[in-house]
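A.B. asks: Quick one: the structure is below, questions incoming.
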């Protein structure tokens with residue numbers, strides 16, 4: 001039986017017996033963060049949705065300041081429920097990345113739907129987001 005991911009062949013019984021969780025391969029990119037960003041990915045930043053069978057992993061390195069991100073370019077109808085993981089790779093304790101809730105700086109379909117006003121990523125923390133195509137917003141799955 002073909003799984004949800006076109007490059008993985010398996011069946012439900014095999015997954016139950018092995019206890020394995022099959023995830024799509026990752027696409028990893030790193031880049032410096034030197035300013036606040038609205039609609040991350042619209043200005044050529046390497047947030048890509050070329051393959052629906054891949055989780056996009058972005059490692060951001062904020063420079064001498066703390067920066068806000070108000071949205072990420074929506075993956076579009078071809079990739080509903082897209083997953084993206086963002087990690088703050090700056091080694092300094094005081095360099096953070098803040099994700100702002102439903103901020104008007106980004107287009108409506110690119111915004112975050114968060115429980116609080118903002119989520120702050122400190123060094124070595126990762127935020128995993130899933131695009132909710134019903135609400136047209138990015139929702140957090142986990143933060144660690």
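A.B. asks: Can you tell me which residues in region 105-125 are under 20 Å from residue 41 (Cα atoms) and touching a strand residue (DSSP E or B) at 6+ places or on another chain (Cβ under 6 Å)?
C.D. replies: So the first thing to find is which residues in region 105-125 are under 20 Å from residue 41 (Cα atoms), and the list is 105-114, 118-121.
Those that are under 20 Å from residue 41 (Cα atoms) and touching a strand residue (DSSP E or B) at 6+ places or on another chain (Cβ under 6 Å): 106, 110, 111, 112, 113, 114, 118, 119, 120, 121.
A.B. asks: Please indicate, with yes or no, whether at least one residue in region 134-142 is surrounded by 14 or more Cβ atoms within 10 Å (Cβ to Cβ), at negative phi and in a loop (DSSP other than H, G, I, E, B). Full working, then the answer.
C.D. replies: Of the residues in region 134-142, the ones surrounded by 14 or more Cβ atoms within 10 Å (Cβ to Cβ) are 136-140.
Still in the list and also at negative phi: 137-140.
In the following step, the residues that additionally are in a loop (DSSP other than H, G, I, E, B) were identified as none.
No, that holds for no residue.
A.B. asks: I need the full set of residues from region 81-104 which are touching a strand residue (DSSP E or B) at 6+ places or on another chain (Cβ under 7 Å), assigned to a loop (DSSP other than H, G, I, E, B) and on the phi < 0 side of the Ramachandran plot, in order please. Full working, then the answer.
C.D. replies: The first filter runs over region 81-104 and keeps only residues touching a strand residue (DSSP E or B) at 6+ places or on another chain (Cβ under 7 Å), leaving 81-90, 95-103.
Right, trim to assigned to a loop (DSSP other than H, G, I, E, B) and you get 81-82, 89-90, 95-96, 102-103.
If the condition is that a residue be touching a strand residue (DSSP E or B) at 6+ places or on another chain (Cβ under 7 Å), assigned to a loop (DSSP other than H, G, I, E, B) and on the phi < 0 side of the Ramachandran plot, then 82, 89, 90, 95, 96, 103 are the ones that fit.
A.B. asks: Determine whether region 64-74 contains at least one residue that is surrounded by 15 or more Cβ atoms within 10 Å (Cβ to Cβ), under 15 Å from residue 38 (Cβ atoms) and without any contact (Cβ under 8 Å) to a residue 24 or more places away in the chain.
C.D. replies: The answer is no, given that none of the residues of region 64-74 is surrounded by 15 or more Cβ atoms within 10 Å (Cβ to Cβ), under 15 Å from residue 38 (Cβ atoms) and without any contact (Cβ under 8 Å) to a residue 24 or more places away in the chain.
FYI, it's all coordinate maths here, none of it is from the lab. Nothing here was measured: the structure is a model prediction, and the numbers come from that model. We place every Cβ from the backbone using ideal geometry, glycine too, and count neighbours over all the protein chains shown.
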